[in-house]
Amino acid sequence: MYFFTSENHRPVVSLPDTFNLVNFSRYKQLEAVVPFRNFSIKYVGLGCETYHLNGNRFDIDDGAYLLANQHTEGRIRIDSEVDVSGICIELMPSMISEVVASYIRPDTLLPDPGLDVFFSSEAYPENQYHSRETHLGKMLRSMDVYLSQNPHRDIVISNELYYSLAENLIADHISTYRQFRNLGNIKASTGKDLFRKVQLGKKLIESHYHESWDIADVAAHCCMSEYHFFRIFKKVFGISPYQHLLDIRLNNAMHLIQKNDQSITNIAIESGFADLASFSKAFSKKFGFPPSKMSRLN
């Protein structure tokens, strides 16, 4: 099912209890309760849509999208001087569960939907992503280009497209599913909160590795104690945040050395190390030879 909505075009659509749908929209002003009937993908092609879901705020802007399932409650707000365009896709939980089961057990002809204990459960952590970084995002960008050219056209959406969306969704997040399971049996709301915090911490580490931040700063930004952040991060990702930060710094340094356009000292500082001695020691331990030898080889 496909339909188009805007301030001046709000068709009366009778929605059955179980369905897949694609809704392309353009709004300047909108404030409403969001009915999450199924697994929802909220993509913004142009502008910004603000969601308040289960006590969390998400500002979804150009090229980003939000994922949330049928256990989510919230509101949307759009306040813009120009049209904000977006795509809302709803996938039936049964379809998601079927694809998850096939992904987990590809050797069976009749996948067990009961294997999906994550995507269609209360434990699923609603979150936002950028389309440049995912397989699903690539599909969403293509759909946005196609639909924005003539949103009023009559379009028949096949199950093939919905299955492809579900497959890309699962492929992007199967590692997230496994990481979340590492938290063990805890209350769903607690698990979602902890998982979202260490995900944020991981992104902060990966985007600020070259700065003088340490793990205590990252933990504080995530509203966690340093030890609590360390313990949960290691449990979820299988590596400590300290080692993750060090690995990123060293891999960046190796990349810069291979380019061979800077001194070793500058590379050490640019990669986030306090001094050349600590950098050389860490580099030798990870790669088995000092950075000076790597520089000479280039």
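The values are calculated or read from the model by the stated rules, or taken from the named source; none is laboratory data. Treat the numbers as computed from the prediction; the structure is a model and nothing was measured. Cβ coordinates were reconstructed from backbone atoms using ideal geometry, including for glycine residues, and neighbour counts include every protein chain displayed.
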Test: Ile269 is part of a helix (DSSP H, G or I) and touching a residue at least 24 places away in the same chain (Cβ under 8 Å): no
Of all residues making up region 36-59, the number that are within 20 Å of Gln149 (Cα to Cα) and basic (Lys, Arg): 1
Residues of region 187-228 that turn out to be part of a helix (DSSP H, G or I) and more than 22 Å from Tyr129 (Cβ to Cβ), as a count: 9
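Does Asp144 count as touching a residue at least 60 places away in the same chain (Cβ under 8 Å) and of a type in the set (Asp, Glu)?
Numbers: touching a residue at least 60 places away in the same chain (Cβ under 8 Å): yes; of a type in the set (Asp, Glu): yes.
Spelling it out, Asp144 is indeed touching a residue at least 60 places away in the same chain (Cβ under 8 Å) and of a type in the set (Asp, Glu).
Residues are listed down the side, and each one gets a yes or a no for (1) surrounded by 14 or more Cβ atoms within 10 Å (Cβ to Cβ); (2) farther than 22 Å from Lys42 by Cβ:
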site: Leu115; (1), (2): yes, yes
site: Ala123; (1), (2): yes, no
site: Gly184; (1), (2): no, yes
site: Gly191; (1), (2): yes, yes
site: Leu194; (1), (2): yes, yes
site: Lys202; (1), (2): yes, yes
site: Glu206; (1), (2): no, yes
site: Ile215; (1), (2): yes, yes
site: Val218; (1), (2): yes, yes
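Can you find a residue that is of a type in the set (Asp, Glu) and within 30 Å of Tyr124 (Cβ to Cβ) anywhere in region 200-212? Don't jump to the end; show me each part of the working.
So the first thing to find is which residues in region 200-212 are of a type in the set (Asp, Glu), and the list is 206, 211.
Then drop every residue that is not within 30 Å of Tyr124 (Cβ to Cβ), which leaves 206.
So far as region 200-212 goes, yes, one or more of its residues are of a type in the set (Asp, Glu) and within 30 Å of Tyr124 (Cβ to Cβ).
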Checking Arg153 against (1) over 30 Å from Asp116 (Cα atoms); (2) among the basic types (Lys, Arg); (3) in contact (Cβ under 8 Å) with a residue 40 or more places away in the chain, the condition it does not meet: (3)
Failed item in (1) touching a residue at least 24 places away in the same chain (Cβ under 8 Å); (2) within 19 Å of the chain's Cα centre (by Cα); (3) exposed (fewer than 13 other Cβ atoms within 10 Å of the Cβ), with Glu211 passing the rest: (2)
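Take the residues in region 84-113 that are among the small types (Gly, Ala, Ser) and closer than 22 Å to Ile60 by Cα, then tell me which one is surrounded by the fewest Cβ atoms within 10 Å (Cβ to Cβ). Before the answer, list the steps.
To start, the set of residues in region 84-113 that are among the small types (Gly, Ala, Ser) comprises 85-86, 94, 97, 101-102.
Narrowing further to those that are closer than 22 Å to Ile60 by Cα: 85-86.
Values: Ser85: 21, Gly86: 25.
By that ranking, first place goes to Ser85.
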Qualifying residue in region 96-109 (condition: under 17 Å from Tyr177 (Cα atoms), touching a Leu at 6+ places or on another chain (Cβ under 8 Å) and not in a helix (DSSP H, G or I)): yes
Residue under evaluation Gln262, criteria (1) touching a helix residue (DSSP H, G or I) at 6+ places or on another chain (Cβ under 7 Å); (2) assigned to a helix (DSSP H, G or I); (3) surrounded by fewer than 16 Cβ atoms within 10 Å (Cβ to Cβ), criterion not met: (2)
First in region 61-86 and assigned by TED's automatic domain parsing to the domain that holds Leu140 and within 25 Å of His135 (Cβ to Cβ), second anywhere and aliphatic (A, V, I, L, M) and surrounded by fewer than 15 Cβ atoms within 10 Å (Cβ to Cβ), Cβ under 9 Å, 6 or more apart: His71/Ala188
